[in-house]
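The values are calculated or read from the model by the stated rules, or taken from the named source; none is laboratory data. Bear in mind that the values here come from a model prediction, so they are computed numbers and not experimental data. FYI the Cβ positions are ideal-geometry reconstructions off the backbone, even for glycines, and counts take in every protein chain you see. Side chains are part of the model used for accessible areas, which takes the heavy atoms of the whole protein and leaves out ligands, DNA and RNA. Shrake-Rupley method; radii C 1.70, N 1.55, O 1.52, S 1.80 Å.
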Amino acid sequence: MSAHAPTAVSAHARALRHRKSVERLTSTQLQVLRRGFAAMKAIGDDRGFAHWAGIHGLPLPMYCQHGTRLFLPWHRAYLYFFELAMQDQVPESVLAWWDWTSPGSRTIGIPEAFGARRVGGQENSLFRAPVPPAARLNGQPRQTSRAPQALADLPTAADVQAVLALPDFLDFQQQLENIHNGVHVWVGGTMGEIPWAAYDPIFYAHHAMIDRLWRFWQIRHPNPHMPPGLLNQALPPFPMTVADTLDMKALGYDYAASTTHAVVEH
Ligand SMILES: [Cu+2]
């Protein structure tokens, strides 16, 4: 992580990078995203995809925070450093979010960007990824897989709006985590199992959506009640505290406003 110590944050505070909806990427933007994942997957050391996926889950130690007060901050830091690692390989690449409440998602489920097995005669780097031997336990398959459930079982926009209205951070976080759990289970296969979920490339689009909803919530509740002590908590293995995750623009990214006008324009 040394290459991206917190002091590097200001160096990255150049023009804001906007994460966009997977469904609204131009074909060029999608190609760049695919190149970012493909480049990381081709690297076996700690700059590579398997290393980053392994920070979330197996092999041990598993750092991810689920069912704790650090769920949102930890995953924001995780995506932030993952995206920097991807940009080390493909500088113009930016994570995209998967809005599982969108009409498109409720029609086809997994977005085509991730669901297509092959594109242009090559394996789609967003379709799946290998699970390395060190992370395989109990006969875990060598490749990630998905087993999506019924379209009607995806969370709805109304589910999301109800959660965004909650004024208390911990309530909000807990209920958003529940929605998030439901989508992991909905995608099924590897995504349904925490120790391996981050090996599926769609993990990052799902968590970008969760991170985006937290951003909306922050805008709607600018002075949230945060429990004492929470802000100073560290987010290992990342050199950040909860407080460091709150100002997204200081981190150098934001979410494109195209589908967020109702909550984001101000
Ligand atoms: Cu998750």
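Checked across segment 47-54, the condition of being of a type outside the set (A, V, I, L, M), in a helix (DSSP H, G or I), touching a residue at least 40 places away in the same chain (Cβ under 8 Å) and farther than 27 Å from residue 213 by Cβ holds for no residue. Flag: residue 63 does not match the condition of being at pLDDT 95 or above and under 21 Å from residue 193 (Cβ atoms). Each residue in segment 90-112 was checked for being touching a Gly at 6+ places or on another chain (Cβ under 6 Å) and β-branched (Val, Ile, Thr), and 1 pass. Hey, residue 43 hits all of (1) modelled with pLDDT of 95 or more; (2) among the β-branched types (Val, Ile, Thr); (3) not in a loop (DSSP other than H, G, I, E, B) but one; which does it fall short on? Failed condition: (3).
Evaluating residue 42 against the criteria (1) buried (at least 18 other Cβ atoms within 10 Å of the Cβ); (2) of a type in the set (A, V, I, L, M); (3) more than 16 Å from the ligand (Cβ to nearest atom) leaves one unmet condition, (1). Examine segment 203-210 for a residue that is open to solvent by 10 Å² or more (accessible area, probe 1.4 Å), in contact (Cβ under 8 Å) with a residue 40 or more places away in the chain and either in a helix (DSSP H, G or I) or away from the ligand (no atom under 16 Å from the Cβ) (or both), and state whether such a residue exists. No, that holds for no residue. Give the residue that is nearest to residue 199 (Cα to Cα), with candidates limited to residues of segment 172-183 that are open to solvent by 20 Å² or more (accessible area, probe 1.4 Å) and touching a helix residue (DSSP H, G or I) at 6+ places or on another chain (Cβ under 9 Å). Per the stated criteria, the residue is 182.
Sub-7 Å Cβ pairs linking a first residue in segment 188-201 that is closer than 20 Å to residue 37 by Cα and open to solvent by 10 Å² or more (accessible area, probe 1.4 Å) to a second residue that is small (Gly, Ala, Ser) and not in a loop (DSSP other than H, G, I, E, B), at least 6 apart or interchain, are 196/135, ordered by first then second residue.
Of all residues in segment 140-153, none satisfies being part of a helix (DSSP H, G or I) and in contact (Cβ under 8 Å) with a residue 60 or more places away in the chain. For segment 111-134, name all the residues that are assigned to a loop (DSSP other than H, G, I, E, B), surrounded by fewer than 19 Cβ atoms within 10 Å (Cβ to Cβ) and in contact (Cβ under 8 Å) with a residue 40 or more places away in the chain. Hit for segment 111-134 is 132, nothing else.
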